[in-house]
Amino acid sequence: FELSVSSDNIEALVELLLANGVATPAGLGARDSLRLEAGLSLYGHDLDDTTSPIEAGLNWVIPKKRREEGGFIGDDVILDHLKNGISRIRVGFTMSGPSAREGAKIFTADGSEEVGVVTSGTISPILKKAVGMGYLKFGHHTDGTELQVDVRGKLRPLTVGKPPFVPTNYKIKPKKKKTLKKKKSA
């Protein structure tokens, strides 16, 4: 969960949650491993003002009518991407050994051509291996594609995979259907 609380009340809220044992403090490292295991992007890393929702694989956030008709800020870029395709696409990946970090270059399996860049990466405590996200040239993004990534000057293998890497274990309760009752006549 994320909570938005005024700065005047945050300390009291944290003390209350910790005192009742319903929460445990966690830092940015924990947040990063959880979001990467779940395949969630982070603005400023996996998304920024140069990334379109189409490149990021977030087409679903744009209503169908808007994807067809436009009529919003940035529609020229998005409609062009939908019509003519994209040159890069956000992907997830897994790898063994140390994790690839933001900015690491991704290469073809034989290491001969740079085909992308890592935007986020960390070790997954659940999977016991590295997970991450990055952008690849379109055509190198198929699940199961084997590539190489530069980790501290050494090329290491990575496998493109579709997130989430860890299945969700929560359930969304179905909304109760509202039924209309016929107004009783007097």
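The values are calculated or read from the model by the stated rules, or taken from the named source; none is laboratory data. Keep in mind that what you see is a predicted model, and the values were worked out from it rather than measured. All Cβ positions, glycine included, derive from the backbone under ideal geometry; neighbour counts span all protein chains shown. Areas reflect the complete protein model, heavy atoms only, side chains present, ligands, DNA and RNA absent. Shrake-Rupley method; radii C 1.70, N 1.55, O 1.52, S 1.80 Å.
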Examine segment 74-91 for a residue that is open to solvent by 50 Å² or more (accessible area, probe 1.4 Å) and β-branched (Val, Ile, Thr), and state whether such a residue exists.
-> yes
Residue check, Arg66 open to solvent by less than 70 Å² (accessible area, probe 1.4 Å), more than 25 Å from Gly29 (Cα to Cα) and of a type in the set (D, E, K, R) = no
Unmet requirement for Asn9, which otherwise passes all of (1) open to solvent by 60 Å² or more (accessible area, probe 1.4 Å); (2) at pLDDT 95 or above = (2)
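Please tell me if Thr119 is polar (S, T, N, Q), modelled with pLDDT of 95 or more and either open to solvent by less than 40 Å² (accessible area, probe 1.4 Å) or more than 17 Å from the chain's Cα centre (by Cα) (or both). I'd like the intermediate steps shown before the answer.
Details: polar (S, T, N, Q): yes; modelled with pLDDT of 95 or more: yes; either open to solvent by less than 40 Å² (accessible area, probe 1.4 Å) or more than 17 Å from the chain's Cα centre (by Cα) (or both): yes.
Considered against the rule, which asks whether it is polar (S, T, N, Q), modelled with pLDDT of 95 or more and either open to solvent by less than 40 Å² (accessible area, probe 1.4 Å) or more than 17 Å from the chain's Cα centre (by Cα) (or both), Thr119 comes out as yes.
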Of the conditions (1) in contact with a strand residue (DSSP E or B) (Cβ under 9 Å, 6 or more places away or on another chain); (2) modelled with pLDDT of 95 or more; (3) within 25 Å of Gly44 (Cβ to Cβ), Ile86 fails just one. Which one is it?
-> (1)
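Among the candidates Leu42, Leu28, Leu36, which residue alone is more than 30 Å from Gly85 (Cβ to Cβ) and out of contact with any His (no Cβ under 8 Å at 6 or more places or on another chain)? Working first, answer last.
Details: Leu42 fails: more than 30 Å from Gly85 (Cβ to Cβ); Leu36 fails: more than 30 Å from Gly85 (Cβ to Cβ).
Checking each option against the conditions leaves just Leu28.
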Can you tell me which residue among Leu155, Leu180 is modelled with pLDDT under 95 and open to solvent by 40 Å² or more (accessible area, probe 1.4 Å)?
-> Leu180
Answer with yes or no whether Phe107 is more than 20 Å from the chain's Cα centre (by Cα), modelled with pLDDT of 95 or more and hydrophobic (A, V, I, L, M, F, W, C).
-> yes
